[in-house]
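Notes to accompany the following structure.
Every read-out reported here was derived from the displayed coordinates using simple, explicitly stated rules and does not represent laboratory data. The structure displayed is predicted, hence computed values, not measured ones.
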Amino acid sequence: MAYARERFSTALSAVVGQSVHRAWDAADQTAFAGLHTPISSEQSEADTQILILGKGVIEYLSTKNSYRNEFKRRQQMSAHPRVRKAS
């Protein structure tokens with residue numbers, strides 16, 4: 001799971017030109033590294049794994065960076081090509 005998050009972060013960073021995830025807290029990094037497929041049929045085990053996954057991917061998105069605005073700007077530029085005036 002950590003590898004998938006890292007690949008996602010790297011790919012999105014390449015698109016927007018800056019980091020999209022903030023640094024881990026030590027406890028959360030350990031919890032994320034311990035993600036696994038549930039080995040019992042207990043719903044609570046699956047719920048715990050889903051919560052850790054959600055926190056690791058969503059809560060650590062860097063909201064300080066303006067990557068959302070940059071992504072929107074790039075989308076708008078590609079959707080509306082510039083029209084050249086006739087000379």
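Here is how the numbers come out for the structure above:
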| quantity | calculated |
| --- | --- |
| Per-residue HN-Hα couplings for the stretch 6-22 [Karplus 6.51, -1.76, 1.60; θ = phi - 60°; Hz; x = Gly/Pro] | 5, 5, 4, 4, 5, 5, 5, 4, 5, 6, 9, x, 7, 5, 10, 10, 8 |
| For His21, residues with placed amide H under 5 Å, excluding near neighbours | Ser62 |
